[in-house]
Amino acid sequence: MTSPPEDAPIPISEDDRDTAVQRLQEAYAAGHISHEEMDERLDRALTARTHSELVPALASLPAEAAATTSTIAAAGGRIHRRGPWRVPRFLKVESAFGRVRLDLSRAVIEHPVVDIELQLGTGRAKIKVPRDAVVDVEGLQTGWKDSRYKPRRHSPGTGGPTIRISGAMGFGRLTIRHARR
């Protein structure tokens, strides 16, 4: 009888790699590591395949700042964001009654992944995302109507943010569209 295999190494995702690169760039900008050290650590982070290979690249860096969640809430009425507004890493949108419109097409998105949690009672929600964004709606629960989202036909260019939408919608529909330009 053979013994069970030891714990298999855990592969890293592109999000893990992007987070590591961002932490290294921030540490360099803050003066915690030299230019040469950043180059060496970036090479390790970009070639790492597992979490155990990624650990040395991030060793001795300052602790990662805890991400905060920004909340936009309205009991009734409209929630509307458009133009060049700054999108936080975690955004929670709460509305009991009313419409929600989030236009991310010209927004300042500094993170490779943005999590948007919707907590909506009744009313519609429309989200316009950048042309090259990748959208994930797997974490969204709808009560009455399904969401409307058609992924782009052409594969998006590299470098676009990933927009993950989660939460719950009661009565209403979520419509997601990519910007045309």
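The values are calculated or read from the model by the stated rules, or taken from the named source; none is laboratory data. The shown structure was predicted, so the numbers you read here are calculated from the model rather than taken from an experiment. Backbone-built Cβ (ideal geometry, glycine too); neighbour counts: all protein chains shown. With ligands, DNA and RNA removed, areas are computed over all heavy atoms of the protein, side chains included. Shrake-Rupley method; radii C 1.70, N 1.55, O 1.52, S 1.80 Å.
Just give me the residues in region 107-131 being of a type in the set (Gly, Ala, Ser) and part of a strand (DSSP E or B), in sequence order. Outline the logic, then answer.
If we filter region 107-131 for residues that are of a type in the set (Gly, Ala, Ser), which is where we start, we get 107, 121, 123, 125.
Scanning region 107-131 gives Gly121, Ala125.
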Any hit, region 60-70, residues being at pLDDT below 85, part of a helix (DSSP H, G or I), surrounded by fewer than 16 Cβ atoms within 10 Å (Cβ to Cβ) and of a type outside the set (S, T, N, Q): no
Any hit, region 76-84, residues being touching a Gly at 6+ places or on another chain (Cβ under 6 Å), at pLDDT 90 or above and surrounded by 15 or more Cβ atoms within 10 Å (Cβ to Cβ): no
Subset of region 145-174 that is surrounded by 14 or more Cβ atoms within 10 Å (Cβ to Cβ) and among the polar types (S, T, N, Q) - its residue that is modelled with the lowest pLDDT: Ser147
Scan of region 22-58 for residues that are open to solvent by less than 90 Å² (accessible area, probe 1.4 Å) and assigned to a loop (DSSP other than H, G, I, E, B), ordered by number: Ala30, Gly31, Ile33, Ser34, Ala48
Matching residues, region 90-107, being at pLDDT below 90 and surrounded by fewer than 17 Cβ atoms within 10 Å (Cβ to Cβ): Ala96, Phe97
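Could you check how many residues of region 108-122 are closer than 22 Å to Asp18 by Cα and either at pLDDT 90 or above or among the hydrophobic types (A, V, I, L, M, F, W, C) (or both)?
7
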Test: residue in region 11-27 that is at pLDDT 85 or above, in contact with a Lys or Arg (Cβ under 8 Å, 6 or more places away or on another chain), aliphatic (A, V, I, L, M) and within 30 Å of Phe171 (Cβ to Cβ): no
Hey, Arg89 charged (D, E, K, R), within 13 Å of Ala125 (Cβ to Cβ) and free of Cβ contacts under 8 Å to residues at least 40 places away in the same chain or not: no
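So, Leu61, is that one over 19 Å from Val100 (Cβ atoms) and within 22 Å of the chain's Cα centre (by Cα) or not? Before the answer, list the steps.
Numbers: over 19 Å from Val100 (Cβ atoms): yes; within 22 Å of the chain's Cα centre (by Cα): no.
In short, no.
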Only listed residue being assigned to a loop (DSSP other than H, G, I, E, B), more than 26 Å from Asp15 (Cβ to Cβ) and in contact with a Lys or Arg (Cβ under 7 Å, 6 or more places away or on another chain), chosen from Gly98, Gly77: Gly98
Which numbered condition Gly123 misses (of (1) in contact with a Phe, Trp or Tyr (Cβ under 8 Å, 6 or more places away or on another chain); (2) exposed (fewer than 15 other Cβ atoms within 10 Å of the Cβ)): (2)
Leading residue by the ranking (farthest from Arg86 (Cα to Cα)) among those in region 28-52 that are of a type outside the set (Ser, Thr, Tyr) and at pLDDT below 85: His51
